[in-house]
Amino acid sequence: MDDTEEYRFGPFRLILRRLELLRDGVPVPLGSRNVELLGALVEADGGMVTKRALLARVWPREVHGDSTVWVAVATVRKALGAAPGGEQYIVSVPNRGYRFTAPVTRIATNTMTPAPPVESIRPRPETLPGNLPHVVSTLIGREGEIGCCLALMEQAKLLTITGPGGVGKTRLALALGDAARDRHPDGVWLVELATLASAELVPETIAAMLGLSVQGSRTPTEVVATYLRQKDALLILDNCEHVVIEVAQLADAILRNCPQVRILATSREPLRVSGEQVYPLPSLAVPKQVEGLTAEHALTHSAIQLFAARARLAVADFALDDQIAPIVASICRRLDGIPLAIELAAPRLRVLTLRELLDRLDQRFGLLTAGSRAVLPRHQTLKALIDWSWDHLPETERILLGRLAVFGGSFTMASAEAVTGAEPLAEAQILDLIAELVDKSLVVALPAGAGARRYVLLETIRHYAAERLAESGGDATARRLAVHLCDRFEAAMRTWPTTPDVEWQAVYEPDLDNLRAALSCAFERGGDASLGLRLVGYTSDFWANLSLLPERQRWLAKAQVLLDAQTPPEIAGRIQLALAQSGSFGDRSKLAPAQEAAALFRALNDPLLSGWALACAGLALLRPGAVAEAESILREAEAVLRPLGPTKFLIMLLNMTGGLHFHAGQIEAARAVTGEARDLARRLGARNLRDSFTINLAECDLAEGQLDAAIARGREAVVSCRAGGSLLTLSGSLRNLSGYLIRAGDLAAGRATAQEALRLAQSLGDGIKVTLSLEHLALAAALEGDVATAARLVGYGDACHARLSQTRQRNEQAARETVQARLEAGLDAETRARLMAEGAAWSEDAAIAAALGV
């Protein structure tokens, strides 16, 4: 060490005398040896420190190889993350060592031990065995993979790196070869097989690379194996997929006859040789969520690091900040984190903005064509890269891959067999063909969960395969997908009334994107509208369970205009029932579809759905102070549903009955019915309904003046919803809780809770719930003395209620009356009317902006 006591760089402080690293004053759990290694690099003042020097400093009395250094450097890099500009703090110097590149400030003095000598970068001696090229650019985001592969290479004589095209298999292999040079005195030899036109030339190519003459009676394989028998060398066989059989045979011969030779292969599928260790190389890491993503968090993901580095080469002043981080993350996610795709996308920033680049990714094969002229032609455009894979597939695998593109998301083996198993493919072939495509990195097998294993195509592969499917006419496959999903969701609707929410959703939610794809095809020009109607009819409760009500409304609107006398009665009834369910209590516009659905299901002798349709008719008639008409229909519905046993439909009916008692002022009766409904929901595993009943009981507490009890129940509901309940129910829980807190005088907490409810309702596209949240904020503003804002917000709320024919519930109406009293006390009639008229003219966005103060 030198005489410096402390180093500072970026947000970090490195105190070597204590072997401590701090980030913004907080200790980083790095380990003393890793801190020691970091200190050696920082002390070098930007110079290179060799691997040998690092081993001598950090592990002076132990025997370790280069892999130990690689793993330690990877650990330090991960702890440091990216530097403020997006670069790495530590860069590799090919074949030699590492440099610390960030500006460093030295502070204070102490007497410490001398630093190790720092060696300068020297060219590789010409006499060094092997033909490995110098690595020109830094390998970004693969530190962990390098350490893992080096460890595997110590255990296995053959390591095959697999992965889709463009994922960086060759670059990783070159880095591994460079790291392993010192272990192989007879050299590291790179054999590039991509340009071989004939598989028979594989042994001759390797022989020629080693400088061997092939003549006489011995085969090229025998010549190579004989030469390598006494050698300690590493062979890197790059791009084996199109000659995989011949490479496998040669590798097997070498491994059986050459005990000190190791082979590192890159291929889109394993060689399937005895003793082979396969390492599937993943794409670079991308953020799981992009909303609210900061630049700092984004740069902890390797795909973002690569994009930022390449973007700076294209646009010198590019800088990743919080504003553009979500857009960059979206681009990298759409590109599946594939390094080549990212490298092709970033140069387009010379002519496109980030937003334009993101918007054009649906045409990615015409967009991503700006590759280096110095690389293989198939690496110069994204399309050429995938063409290479496609052209080397057997015809049956091409057909299957094209057909799999109709899936908008992941799929099970059973779904693949049902949708793609048609001439010239047989359903019995699909399992083996998918296994082949998984091996070739063109289909991804997702981690096994509780249900059936699912598979997915990377988005880039799916776009390409969809284009190929369209060329061959994909209408029949798209239709089979729609038919399959009709059958699947018909079964889903049969089981939904009695299946626990978590269990049911786990089975069917993964098909969300497939459903969207099938609906789009069915309703587009030339599609099969009858299939679209079936899908809409069988998925109403599916959308509601996922809190996707606006999307449900869009598909219902498409289906509603297509209903006619030819529509099967069950499908017509389900669509009418879905239309009836899309309103809230007292929405008389939903009465007609509910009554029509009830009549259709009575004719079909379906008591479960006819009873539920009657309940929806009662809900449409249920208004505060006018419950008699609704009560008659709800009692009729209960007489139909209760004999059928516990179902979610019965539970929801009881909820309506509780609401009827509540609006009649019969609070104890409302509590009793709601309590029964909640107990049934618990027994049936209807978690979303259970949480809504907690809210209803809190409303009963409030109606009886038990404000503290209402707050406690409101908080209980919020906690339960956050733990995995419905977003729609969470939105309602937050909204009601905000009202309780405001009434209790806790305006700060009430306002914050109402604002969260508002943002959530806005994201769900639930306009009436947005309005109700705004009215809670109007109450808070009125109580705080901001009567002008309160007047505008209630003006907006009144207009929305009138436009949507909605009626406020008892507690909401009481809050509205409190605001009115405050407005009358603080404003004259003319000013009050003018401000409320201004609010009534607002758009939803304007009202939200005013409520949030933005």
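The values are calculated or read from the model by the stated rules, or taken from the named source; none is laboratory data. Source: prediction; values computed, not measured. Reconstructed Cβ throughout: ideal geometry from the backbone, glycine too, with neighbour counts over all protein chains shown. Keep in mind that these areas ignore ligands, DNA and RNA; they rest on the heavy atoms of the full protein, side chains included. Shrake-Rupley method; radii C 1.70, N 1.55, O 1.52, S 1.80 Å.
Whenever a residue of segment 633-644 is within 16 Å of GLU676 (Cα to Cα), it has no partner that is open to solvent by 70 Å² or more (accessible area, probe 1.4 Å) and not hydrophobic (A, V, I, L, M, F, W, C) lying with C-beta atoms less than 6 angstrom away and at least six residues away or across chains. If only residues of segment 575-609 that are of a type in the set (D, E, K, R) and free of Cβ contacts under 8 Å to residues at least 40 places away in the same chain are counted, the one that is most open to solvent (accessible area, probe 1.4 Å) is ARG602. Is it true that VAL444 is open to solvent by less than 20 Å² (accessible area, probe 1.4 Å) and in contact with a strand residue (DSSP E or B) (Cβ under 9 Å, 6 or more places away or on another chain)? Judged against the criteria, VAL444 is not a match. In segment 718-733, the residues that are under 20 Å from HIS776 (Cβ atoms) form Cβ pairs under 6 Å with partners that are hydroxyl-bearing (Ser, Thr, Tyr) and in a helix (DSSP H, G or I), at six or more places apart or across chains, as follows: VAL718/SER733; CYS721/THR729; CYS721/SER733; THR729/SER692. Residue count for segment 646-671, restricted to those that are without any contact (Cβ under 8 Å) to a residue 12 or more places away in the chain and either out of contact with any Phe, Trp or Tyr (no Cβ under 9 Å at 6 or more places or on another chain) or outside any helix (DSSP H, G or I) (or both): 3. Check LEU772 against each of (1) at pLDDT below 90; (2) assigned to a helix (DSSP H, G or I); (3) surrounded by fewer than 24 Cβ atoms within 10 Å (Cβ to Cβ) and name the one condition it does not meet. Only one criterion in (1) at pLDDT below 90; (2) assigned to a helix (DSSP H, G or I); (3) surrounded by fewer than 24 Cβ atoms within 10 Å (Cβ to Cβ) is unmet by LEU772, namely (3).
All conditions in (1) within 24 Å of PRO129 (Cβ to Cβ); (2) among the small types (Gly, Ala, Ser); (3) open to solvent by 40 Å² or more (accessible area, probe 1.4 Å) hold for ALA207, with the sole exception of (3).
Okay, residues lined up against (1) on the phi > 0 side of the Ramachandran plot; (2) touching a Leu at 6+ places or on another chain (Cβ under 8 Å); (3) in a helix (DSSP H, G or I); (4) surrounded by fewer than 20 Cβ atoms within 10 Å (Cβ to Cβ):
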residue	(1), (2), (3), (4)
ALA452	no, no, no, yes
GLY473	yes, no, no, yes
ARG479	no, yes, yes, yes
ALA482	no, yes, yes, no
ARG494	no, no, yes, yes
ARG516	no, no, yes, yes
ALA522	no, yes, yes, no
ARG525	no, no, no, yes
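Going by the structure shown, is ARG488 more than 20 Å from the chain's Cα centre (by Cα), closer than 19 Å to SER540 by Cβ and surrounded by fewer than 13 Cβ atoms within 10 Å (Cβ to Cβ)?
No, not satisfied.
Residues in segment 2-31 that are open to solvent by 70 Å² or more (accessible area, probe 1.4 Å) and farther than 18 Å from ALA83 by Cβ: ASP3, ARG17, ARG18, VAL26, PRO27, PRO29.
Within this structure, THR219 fails the test of being farther than 29 Å from VAL444 by Cβ and modelled with pLDDT of 90 or more. Looking across SER198, SER217, one residue alone is out of contact with any Leu (no Cβ under 8 Å at 6 or more places or on another chain), over 19 Å from VAL247 (Cα atoms) and hydroxyl-bearing (Ser, Thr, Tyr). It is SER217.
Quick one: in segment 496-514, which of the residues that are without any contact (Cβ under 8 Å) to a residue 60 or more places away in the chain and touching a Leu at 6+ places or on another chain (Cβ under 8 Å) is surrounded by the most Cβ atoms within 10 Å (Cβ to Cβ)? Across segment 496-514, the extreme among qualifying residues is GLN505.
Hey, among the residues in segment 280-293 that are in contact (Cβ under 8 Å) with a residue 60 or more places away in the chain and either crowded, with 20+ Cβ neighbours inside 10 Å or hydrophobic (A, V, I, L, M, F, W, C) (or both), which one's nearest to ILE236 (Cα to Cα)?
Applying the first criterion (in contact (Cβ under 8 Å) with a residue 60 or more places away in the chain) to segment 280-293 yields 280-285.
Then keep just the ones that are either crowded, with 20+ Cβ neighbours inside 10 Å or hydrophobic (A, V, I, L, M, F, W, C) (or both); that gives 281, 283-285.
Values: LEU281: 16, SER283: 21, LEU284: 23, ALA285: 26 Å.
Within segment 280-293, the match that is nearest to ILE236 (Cα to Cα) is LEU281.
Kindly establish whether GLY618 is open to solvent by less than 30 Å² (accessible area, probe 1.4 Å), on the phi > 0 side of the Ramachandran plot and at pLDDT below 95.
Values: open to solvent by less than 30 Å² (accessible area, probe 1.4 Å): yes; on the phi > 0 side of the Ramachandran plot: no; at pLDDT below 95: yes.
Criteria not met by GLY618.
Filtering GLY765, GLY745 for residues that are in contact (Cβ under 8 Å) with a residue 60 or more places away in the chain and surrounded by fewer than 17 Cβ atoms within 10 Å (Cβ to Cβ) leaves a single hit, GLY765. Take the conditions (1) under 22 Å from ASN545 (Cβ atoms); (2) assigned to a helix (DSSP H, G or I); ARG713 misses just one of them, which is (1). Within segment 781-795, the set of residues being under 13 Å from LEU835 (Cα atoms), open to solvent by 10 Å² or more (accessible area, probe 1.4 Å) and in contact (Cβ under 8 Å) with a residue 24 or more places away in the chain comprises VAL787, ALA788, THR789, ARG792. Got at least one residue in segment 35-45 being outside any helix (DSSP H, G or I), farther than 15 Å from ARG77 by Cβ, touching a strand residue (DSSP E or B) at 6+ places or on another chain (Cβ under 7 Å) and hydrophobic (A, V, I, L, M, F, W, C)? Checked segment 35-45: at least one residue is outside any helix (DSSP H, G or I), farther than 15 Å from ARG77 by Cβ, touching a strand residue (DSSP E or B) at 6+ places or on another chain (Cβ under 7 Å) and hydrophobic (A, V, I, L, M, F, W, C).
A count restricted to segment 680-706 and to residues that are open to solvent by 40 Å² or more (accessible area, probe 1.4 Å) and over 26 Å from the mean Cα position of the chain (by Cα) stands at 7.
Among the residues of segment 5-34, those identified as farther than 15 Å from ALA79 by Cα and in contact with a strand residue (DSSP E or B) (Cβ under 7 Å, 6 or more places away or on another chain) are GLU5, GLU6, TYR7, ARG8, ILE15, ARG17. Evaluated against (1) in contact with a helix residue (DSSP H, G or I) (Cβ under 7 Å, 6 or more places away or on another chain); (2) of a type outside the set (Asp, Glu); (3) at pLDDT 90 or above; (4) part of a helix (DSSP H, G or I), TRP842 falls short on exactly one condition, (4). Each residue in segment 184-205 was checked for being under 43 Å from the mean Cα position of the chain (by Cα), at pLDDT 85 or above and part of a helix (DSSP H, G or I), and 1 pass. Taken together, the residues in segment 152-192 that are out of contact with any strand residue (DSSP E or B) (no Cβ under 7 Å at 6 or more places or on another chain), of a type in the set (A, V, I, L, M) and open to solvent by 20 Å² or more (accessible area, probe 1.4 Å) amount to 1.
Remark: LEU442 matches the filter, which requires a residue to be touching a Pro at 6+ places or on another chain (Cβ under 9 Å) and within 27 Å of LEU361 (Cα to Cα). Residues that are closer than 20 Å to VAL770 by Cβ and either open to solvent by 40 Å² or more (accessible area, probe 1.4 Å) or hydroxyl-bearing (Ser, Thr, Tyr) (or both) were ranked within segment 803-835; the one that is nearest to the chain's Cα centre (by Cα) is LEU804. Tell me yes or no: at least one residue of segment 258-270 is surrounded by fewer than 18 Cβ atoms within 10 Å (Cβ to Cβ), at pLDDT 90 or above and more than 16 Å from VAL191 (Cβ to Cβ). Yes - at least one qualifying residue is present in segment 258-270.
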